[in-house]
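Visitor: My questions will all concern the structure given below.
The values are calculated or read from the model by the stated rules, or taken from the named source; none is laboratory data. Remember, it's a predicted structure, so these values are computed and weren't measured experimentally. Here the Cβ is made from the backbone with ideal geometry for all residues, glycine too, and neighbour counts use every protein chain on show. For the accessible areas, the whole protein counts, side chains as well, though only heavy atoms, and no ligand, DNA or RNA atoms are used. Shrake-Rupley method; radii C 1.70, N 1.55, O 1.52, S 1.80 Å.
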Amino acid sequence: MSRDADAAHHSTGRPDADGGKGQDARTAVTVFVALGANLVIALAKVLGGLFAGSPALLSEAAHSVADSLNEIFLLASLKRSKRAPDSKHPFGYGKERYFWSLLAAVGIFVMGGCFSVFQGIEALRSGSSETRTGYVVGLIVLAVALVAEGASLFRALMQVRGRARQAGHSMREAIRAADDPALRTVLAEDSTACFGVVVAMVGMGLHMITGSVQWEAWASMIIGALLVFVAYQLAKESRGQIIGEAADPALRRAIREFLEEQPEIDTVTTLLSMRLGTLSTLVAARVDLVPGLDSEEVEEVLVRLKKAIREKWPIADQVFLDVTEASPGDRERARRERRRLDRAVDGEPEDEAEQRQEEA
């Protein structure tokens, strides 16, 4: 097996030594920490915002309320996605995580982003002002919120760091490749919340210095715009996963290389995959076997290969192999697909004209 295939064996195919239960438990703790922090912060911001009459602080309160609701969605996704397969859902309920993460993104958009923009517009229209005591209360609440949000973000980053070490990746690579929607949502929420608190503090401080409410109003709208952008990105990821997203290119290439190395296989004409959840992937391949094998030998080969794939990459738990006779066109298409996989794994841009030609 090649070096890239071996790397995929360790990083992409084995998310955890205990079948992913350890990762789920750590993710649940991370979500609970974020939920506790957001509930306390939301209450403090609401009381402080009402007392101070601060639009930026009330916008941050809406942000925290939305985050709290989203954490409940994420906890529901962790529990519901573990249900065993049944007659209606033979491949299990792994995609529940993607659905609840989509709802969390909608919550960030509506309850956080839209309300924050509304608060900013209302502040510009009303021209409200704050007392000296209101400024102090608001800044104290925001400082406490920054500490709490920072602690929650630190917890999420430590979990990502553990995964990065396990996979042999850098922190940046691990964050970009995070395949757990619950953890990815918490990271996005907490990092956005920390930035939003800083923006709110700046807006309130400038309001305090200049006496002009427009600073807080613009801070509120900046927070809202940021939340809308984050919600869009999270929803875009969840949408792709719900529709049916292919497995990681490194995993696909590793499985293809493994099959091509088998002496009984002449050509791997097609290899399709779809992520069924964070710990489940469907792999379907059409293979052309070498001549001279009788029916019993063919059956033994297929059983052995499916078992070997599941053992090497436990995340590929649904494996289907179809024996077919490869035509010259099939062989050429297989070579093109292999080149495209190599480019995807190596991070090289794919020429659009070449792709259109290949598809034609």
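Visitor: I'd like to verify a number: residues in region 45-85 that are more than 26 Å from L139 (Cα to Cα), of a type in the set (K, R) and either open to solvent by less than 40 Å² (accessible area, probe 1.4 Å) or assigned to a loop (DSSP other than H, G, I, E, B) (or both), how many?
Guide: 2
Visitor: Oh, and also: Does region 198-213 contain at least one residue that is within 30 Å of R338 (Cα to Cα), out of contact with any Pro (no Cβ under 8 Å at 6 or more places or on another chain) and open to solvent by 30 Å² or more (accessible area, probe 1.4 Å)? Steps first, answer last, please.
Guide: Initial filter on region 198-213 (within 30 Å of R338 (Cα to Cα)): none.
The answer is no; no qualifying residue exists.
Visitor: So, one more: So E96 fits all but one of (1) open to solvent by 60 Å² or more (accessible area, probe 1.4 Å); (2) modelled with pLDDT of 85 or more; (3) touching a helix residue (DSSP H, G or I) at 6+ places or on another chain (Cβ under 9 Å); what number is the exception?
Guide: Result: E96 passes all but (1).
Visitor: Just a yes or no: is a residue in region 33-53 over 30 Å from G112 (Cα atoms), modelled with pLDDT of 50 or more and either of a type in the set (A, V, I, L, M) or touching a Ser or Thr at 6+ places or on another chain (Cβ under 8 Å) (or both)?
Guide: no
Visitor: Quick one: what pairs do we get from region 182-196, first residue over 14 Å from S68 (Cβ atoms), second open to solvent by less than 10 Å² (accessible area, probe 1.4 Å) and of a type in the set (S, T, N, Q), C-beta under 7 Å, 6+ apart or different chains?
Guide: Pairs found: A182/T27; A182/S77; A182/S101; L183/T27; L183/T30.
Visitor: Considering only region 171-196, state which residues are open to solvent by less than 10 Å² (accessible area, probe 1.4 Å), at pLDDT below 85 and in a helix (DSSP H, G or I).
Guide: Passing the criteria: P181, A182, L183, T185, V186, E189, D190, A193.
Visitor: Okay, moving on. Mind listing just one residue for me: the one in region 229-260 that is hydrophobic (A, V, I, L, M, F, W, C) and open to solvent by 40 Å² or more (accessible area, probe 1.4 Å) and, of those, farthest from V110 (Cα to Cα)?
Guide: Only one residue tops the list, namely A246.
Visitor: Another question about this same structure. Could you check region 327-360 and list, in sequence order, the residues that are surrounded by 15 or more Cβ atoms within 10 Å (Cβ to Cβ) and either at positive phi or modelled with pLDDT under 75 (or both)?
Guide: Across region 327-360, the qualifying residue is only E358.
Visitor: Give just the number: which of (1) open to solvent by 20 Å² or more (accessible area, probe 1.4 Å); (2) not in a helix (DSSP H, G or I) does I222 not satisfy?
Guide: (2)
Visitor: Whether any residue in region 261-276 is open to solvent by less than 70 Å² (accessible area, probe 1.4 Å), assigned to a helix (DSSP H, G or I) and either on the phi < 0 side of the Ramachandran plot or in contact (Cβ under 8 Å) with a residue 24 or more places away in the chain (or both) is what I want to check.
Guide: No - not one qualifying residue is present in region 261-276.
Visitor: Filter region 277-287 down to the residues that are open to solvent by 20 Å² or more (accessible area, probe 1.4 Å) and not in a loop (DSSP other than H, G, I, E, B), then identify the one that is nearest to K312 (Cα to Cα).
Guide: Out of the qualifying residues, it is L282.
Visitor: Go through the residues of region 93-102 one by one and say whether even a single one is over 20 Å from the mean Cα position of the chain (by Cα) and more than 19 Å from A28 (Cβ to Cβ). Let's see the steps before the verdict.
Guide: Step one: list which residues in region 93-102 are over 20 Å from the mean Cα position of the chain (by Cα), which gives none.
No, region 93-102 contains no residue that is over 20 Å from the mean Cα position of the chain (by Cα) and more than 19 Å from A28 (Cβ to Cβ).
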